[in-house]
Each structure stands twice: as C-alpha cells, then as structure tokens.
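Q: Structure incoming, see below.
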Amino acid sequence: MIVLWHGDAPIGIVVFGTPAASLALRSRYFGLKNPRTGLAMQSLNERLWLLQRVVLHPTYRGAGLASEFIRRACDLCDVDWIETLSAMGRANPVFERAGFVRVGAVKRNGSVNGAYGGRAKLSDETRSKSRFSEPVYYVFDNRHRRARLGPPRPLPLVPPAGAGV
C-alpha cells in the first residue's frame, strides 16, 4: 500500500495484492502454457503483483496527479511486473499514461452473474451500451525500476525529540 500526502493530509492510496491464479489475457501476454502448476504459481507470486485499487481524493481528481502517482507507486514495488484490471479502461486511459501496456479487454460472453438473479442473457441493446464497461487488462513492466528511480536518496537525519542541536 502506497499513500500520497499533501502536507499532513493523505489524499490518495494505491493498494497492491496477489494476482488471481489464472487469467487468460495474462497467459497469452506472457506465453504461459500451464499457469496453475505449483512452479508457475510460485514464480507468479514472486514476480507479479496486482494493482487492486487506486483512490484519489475528489478535490485532487482531474489535476493530472493520478497517472504520476500510480507510476511512482509501481516504481516503489519490488517486483518485475504489475498487472491491473480497469472497468473504466476504455473511457479513462490513466493506466496507459502511467506507463502500463493495454493488453486487451475481458470478454463477458453476453451474460452477467448476480445482478440479474444468476446468469442472465443480455439484450443486444444492453450489450451495446455496456461495451465500455468490459474490464481492460493492463501490464506494467517494472524490471528497470532502479534505472527510473535513480540512485537511492539518503533519508534526512532527524535528531530524536528533546536532543540538542
């Protein structure tokens, strides 16, 4: 979890987690043949994280902060790859501006779960209107994070409370 601060106030958060065991778009992008084997799962968990959530305070939205915040948060992750799914990927390219590569959209096969009482077939009109809500799968290549970040910056030395300076 990475928090963005403005002065003393937290104004944004990026949350990372473990990826799903299998995702067809990921398998295609990385050329995985058997993504659910023990070795594949171990490698996946060591080298790839899922960007689960990005939240930015409404006051700061539209100011161009989100893409830079996402990119810096990813740079701070100690993994080679980061993936995310965005329900608004077709309408808002924030992840592309942050350096993610758009791999493709998750197709829904014309039906939905839950919202309509189980698996319900969608009408052509509803499917047409919801074409922008198909989650878009993105991947961020983080293998060169050290080069992007530059040399580590030393932390400022702060004397303990009550110490004379």
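Every number in this text was worked out from the coordinates using simple rules, so none of it is lab data. These numbers come from a predicted model, not from an experiment. We place every Cβ from the backbone using ideal geometry, glycine too, and count neighbours over all the protein chains shown.
Q: What is the ratio of the Cα radius of gyration of segment 2-147 to 2.2 N^0.38 Å, with N the residue count, to two decimals?
A: Working it through for segment 2-147, the quotient is 1.17.
Q: Going by C-beta contacts inside 10 Å, put SER86, SER128 in order with the fewest on the left.
A: If I rank by nearby Cβ atoms, fewest first, I get SER128, SER86.
Q: Mind listing the long-range amide H neighbours of GLN52? Cut-off is under 5 Å, sequence gap 5 or more, other chains count too, H placed in the peptide plane at 1.01 Å from N.
A: HN-HN under 5 Å from GLN52: VAL15, PHE16, GLY17.
Q: Would you calculate the separation in nanometres between label points at GLU46 and ALA91, each defined as 7 Å from the Cα along the Cα-to-beta-carbon direction?
A: 4.1
Q: Where does each of 49-61, 30-42, 65-77 land if you order them by average Cβ count within 10 Å, highest first?
A: By packing density, highest mean first, the sequence is 65-77, 49-61, 30-42.
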